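Let me begin by presenting the structure, written as C-alpha cells, before commenting on it.
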Amino acid sequence: MSRATRVAGRLMPEISLLRRGRKSAARGGDDAEVEVSVPANFVCPISLEMMRDPVTAPTGITYDRESVEGWLARGHDTCPVTGRPVRLADLVPNHATRRMIQDWCVANRARGVERVPTPRVPVGEDDAEEVVAGVSAAARRGDAAACGAAAATARALGRESERNRRCLAGAGAAHALSSAFGLLAGEEPVVEGAVAGALGEILAALTVFFPLDEECRSCIASPPSLKSLASLLSHGGELAARVSAAVVLRELASSGDRHALEAIARAHGMCDALVGLVTSPVSSQATKAALVTAYYLVSSGDRAAARFAELGVVPAAVELLVDADKGTSEKALAVLDAALCADAGVESARAHALTVPVLVKKMFRVSDMATDFAVSALWRLCRAGAGAAPCRAEALRVGAFQKLLLLLQVGCAGVTKERASELLKILNGSRGSVECIETVDFKGLKRPF
C-alpha cells in the first residue's frame, strides 16, 4: 500500500454503505438506493470497510482484527499506516471503539444496518496446546467419548476465525487428530457406538486443518484407518460422519501422494463404498467428494478402472448426470471418461440407453471442462469395435454431428479439437437416413427414465 493510499484512507471523512430501501407511497413504492454514511473512525485502514473486531497496534492505529492479522500472516512485520514494527502479540482489543460501532449500528437499524456481534476472544497459544493435548491424551487412553469431545472443541474453535485455525494448526492439531484416528481405528470395522462417533468428530475436525502433510496422510492411510473409513462411508450412523469421511478421502486422493492413493485402492470395501455414494447419494458434498476420489483411483491404472466398471460406476455416473449441477456434472463426466479406458467400462456404457444422449447434451451448456470430458467419452464409445455402430447411430440421432460442428466453429483446442474432428469423420461415414431429435430435452429417447 502506497503512502498516498494510506493518507487518503486516513483523511477520508466518511464511507458510504448502500442498502436497498423503499420509496414513499407517493413515489409508487419502487426500490431505491439509500446511502448510510459510516464514520471514518469506524473504517479499517486496510480493508476500507467497517470494523467488526477492532484491535489497536502499539502505533496507536486501530484495525479490524481479520485484516491486520492477514497482513501479518502474509509476512509483513510493520504497521501498514506508520511503517513501524508490530507483532501479532502486540494487538490489543479496542472495546471502546467496538461498543461505539455497535451503538451506531443499533441507532441506524431502521436504515438497514445490522448490528455487529460481539467478537469471541481468540484462542491463545496456551489454549491451543491444551486442546490439542486433550485430543492426544484421550486417544492414548482409549477414551473415545473424551477424544470425540476434544476434537469437536478443536473444530469449533478452528471454524470461528482464521487466526484460531492458524493457532491450532501451529500447535499440531492436524497431527494430533490424525494420530488419534489411527489409535481409535481398530482391526474390525466400527460403524456404531462411542468409537464411531469419535471417529466422525475427528474427521470433521480434520477438514478444518487441510491440507494434510505427509505424516498426517500416512496415519489416515494406514490399513486399520482406511478400513474404518470404508465402514463409515458405507453405513456410518451419522450423515455428518459419512460426509467427513468422503471429504478426508478426497484430500488423500488429490494430494499427489502415490502411496496414499495405492493404499486407498487396496483397502477392502473402499471402492464399493465410493460407488455406493454415487449410486445412492446422501449429500451433494459427499457425492462430489466421492467422485473426485473415484476419478483419481480410476485414472491410476487399467486395473482400477476395470474394478470400478465392474462395480457399476458407469451407469451410476450416467444416471447422476441427468439432473446434475455444474460441479457434479464435471466430476461425473471425468469419472465416466476415465472408466471408459477399461473394456468393461465401454461395454457397460454402450449397454445403457442414456449414455450417448447424456454425453451429447452435456457437450454444451455446462463448462469447458465438461465439454472436454464429454467429447472424450463419446470418442471412446464411437471408435472401432463390435458395439460402436449402435453408438454412432444414436449419437447422430440425438444431434451429435451438429454439436461437434458448432464446437469446432466456436473454438476448442488440443486433444478435444483432435477428438472432435475424428468424431466428425467417424459419424459422417455413418450418416444416412438417421432421424435427428432435439437434445435440449429427452423427449425423443426410446426409453423413459
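Key figures
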read-out: Projected area averaged over orientations for the chain, convex hull of C-alpha atoms, nm²; value: 29.5 nm²
read-out: Lys, Arg +1 and Asp, Glu -1 on Cβ, resulting dipole of the chain about Cα centre, debye, nearest 20; value: 1400 debye
read-out: Spin-label model distance (nm) - T78 vs A133, 7 Å beyond Cα toward Cβ; value: 3.9 nm
read-out: Protection proxy ranking, peptides 416-424, 306-314, average beta carbon neighbours within 10 Å, highest first; value: 306-314, 416-424
read-out: The stretch 367-401-the stretch 161-181 distance, computed between alpha-carbon centres (Å); value: 47 Å
read-out: Descending semi-axes in whole angstrom, ellipsoid equivalent of the stretch 100-209, from the Cα gyration tensor; value: 36, 15, 10
read-out: Positive-end residue of G411, V92, I264, charge dipole of the chain with Cβ unit charges; value: G411
read-out: Relative contact order of the stretch 40-111, defined on C-alpha pairs under 8 angstrom at six or more residues apart (%); value: 31 percent
read-out: Environment charge of A138, counting only residues whose C-beta is closer than 14 Å and scoring Lys/Arg +1, Asp/Glu -1; value: -1
read-out: Nearest-0.05 FRET efficiency for L239 and D103, computed from C-beta distance (R0 56 Å); value: 0.85
read-out: With 5 Å bins from 0: P(r) over the stretch 111-172, alpha-carbon pairs, percent; value: 4, 19, 24, 18, 13, 9, 5, 4, 3, 1, 1, 0
read-out: Accessible area per residue in Å² at 1.4 Å probe, computed on the stretch 122-268; value: 44 Å²
read-out: Burial order of peptide ranges 200-212, 117-129 (average beta-carbon count within 10 Å, highest first); value: 200-212, 117-129
read-out: Listed pairs K227/K326; K331/K425; K326/K425; K361/K403; K288/K403 exceeding 21 Å between Cα atoms; value: K227/K326; K331/K425; K326/K425; K288/K403
read-out: Protection-proxy order for peptides 350-362, 266-278, each taking the mean of Cβ atoms within 10 Å per residue, highest first; value: 350-362, 266-278
read-out: The stretch 40-111: Rg to Rh, with Rh as the Kirkwood radius over Cα pairs; value: 1.01
read-out: Using alpha carbons only: equivalent-ellipsoid semi-axes of the stretch 201-322, gyration tensor based, whole Å; value: 21, 17, 12
read-out: Signed unit charges on C-beta, dipole axis of the chain, positive-most listed residue L232, P315, A173; value: P315
read-out: Under-5 Å amide H pairs with T78, H placed in peptide plane, nonlocal only; value: V86
read-out: Calculated P(r) tail over 26 Å for the stretch 122-268, as whole % of Cα pairs; value: 16 percent
read-out: Long-range HN-HN contacts of L212 with modeled amide H, under 5 Å; value: none
read-out: Evaluated at q = 0.17, 0.28 Å⁻¹: base-10 log I(q)/I(0), Debye formula over Cα of the stretch 327-372; value: -0.47, -1.08
read-out: Spacing of the two label points (7 Å from each Cα toward its C-beta) at D325 and F364, in nm; value: 2.5 nm
read-out: Share of alpha-carbon pairs per 5 Å distance bin for the stretch 284-341, given as whole %; value: 4, 24, 34, 24, 11, 3
read-out: Most mobile listed residue (A230, A289, A146) in the chain, GNM with C-alpha springs under 10 Å; value: A146
read-out: Sulfur and carbon atoms: percent of accessible area, the chain [1.4 Å]; value: 50 percent
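The values are calculated or read from the model by the stated rules, or taken from the named source; none is laboratory data. Everything numeric here is computed off the predicted structure, so don't read it as measured data. Neighbour counts are summed over all protein chains in view; Cβ atoms, including those assigned to glycine, are modelled from backbone coordinates with ideal geometry. Surface areas here come from the heavy atoms of the whole protein model, side chains and all, with no ligands, DNA or RNA. Shrake-Rupley method; radii C 1.70, N 1.55, O 1.52, S 1.80 Å.
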